[in-house]
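Notes to accompany the following structure.
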Amino acid sequence: MTYLSEDPTYVIGGLLLLAGAFVIMLKITQQGKYLLNAGIALTLALAIFLIEWIWVTDIERIEKVVHDVRTAVLKSDPEGVLAHLTEDVRYAGPEMSLSPGDTLTLIRNNVSNIHLEFARISELKTSVGQQTRRGTAEFRIFTRGSLKSTSILPEARTAVTAWSLGLQETEPGIWKIYRISEVSLVNGSRAISGGLMPSSGSQIGLKYGSGRAGAFSL
């Protein structure tokens, strides 16, 4: 079922090749059975294509959230990012975590000031719990850009980071991010930057520096 629900390209391609082979045999032998077989193969290919077009899986919905957030970050559109987050979303890093309010403020500030030339997602792996209606998305992202945290726009830099997102189905067919976790970052830098000072008093943005592209750069 995976080939049909997730990526039926090979199945459809095989059926089209089979139909083509039947057409060739029809021309060679002039036997009507090959025309019938070609018609059946084409009908199956069309049916599978329509099923895939109509049948959007949870995995595909989660993948779309990741790519939509990436697009919003590329546009420096914080509201576009926040639209895919739950109200109680939390940043949960290996050394600290932020409250929902601080997480939302941090994302809004960073995305508003970030300028990316490109952001490429790779190694995207997703999973879904059918009973819990929660899922995960893990991926690496290669970015080039800069984060304006002062009046001076820093030099553009490249970065490769890895992230893990927790998602939940908030309403039928709608998946949103409730957890953002960094997995690995380059050069020992942190993904959190931009000068935000959370209400807890910890100077996160100042502690981890500024000018690093890759802050929630999905």
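Any read-out appearing in this document is the output of simple, stated calculations on the displayed coordinates, not a laboratory observation. Predicted model only: the values in this text are computed from it and were never measured. In this analysis, Cβ positions are derived from the backbone assuming ideal geometry, glycine residues included, and neighbour counts consider all displayed protein chains.
Summary of computed values
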read-out	value
Two-site FRET efficiency, SER99 against GLU171, from Cβ-Cβ distance with R₀ of 25 Å, rounded to 0.05	0.55
The range 105-175: equivalent-ellipsoid semi-axes (sqrt of 5 x gyration tensor eigenvalues, Cα, Å)	31, 16, 8
Three-way shape label, the range 72-138, alpha-carbon gyration tensor, a/c 1.5	oblate
Residues of the range 35-51 with amide N under 16 Å of the 7 Å Cα→Cβ point at ILE28	35, 37-38
Highest average packing first - 128-141, 108-121, Cβ atoms within 10 Å	108-121, 128-141
Added length on full extension, which subtracts the Cα-Cα distance from 0.36 nm per residue, GLU123 to ASP68	18.1 nm
Extension gain (nm, one decimal) between ARG108 and GLN130, 0.36 nm per residue minus Cα-Cα	4.8 nm
Rounded to whole Hz, the Karplus (6.51, -1.76, 1.60) HN-Hα couplings of the range 24-34, x for glycine and proline	4, 5, 4, 5, 6, 9, 6, 9, x, 5, 6
FRET E, pair ALA83, LEU16, Förster distance 45 Å, beta-carbon r, rounded to 0.05	0.70
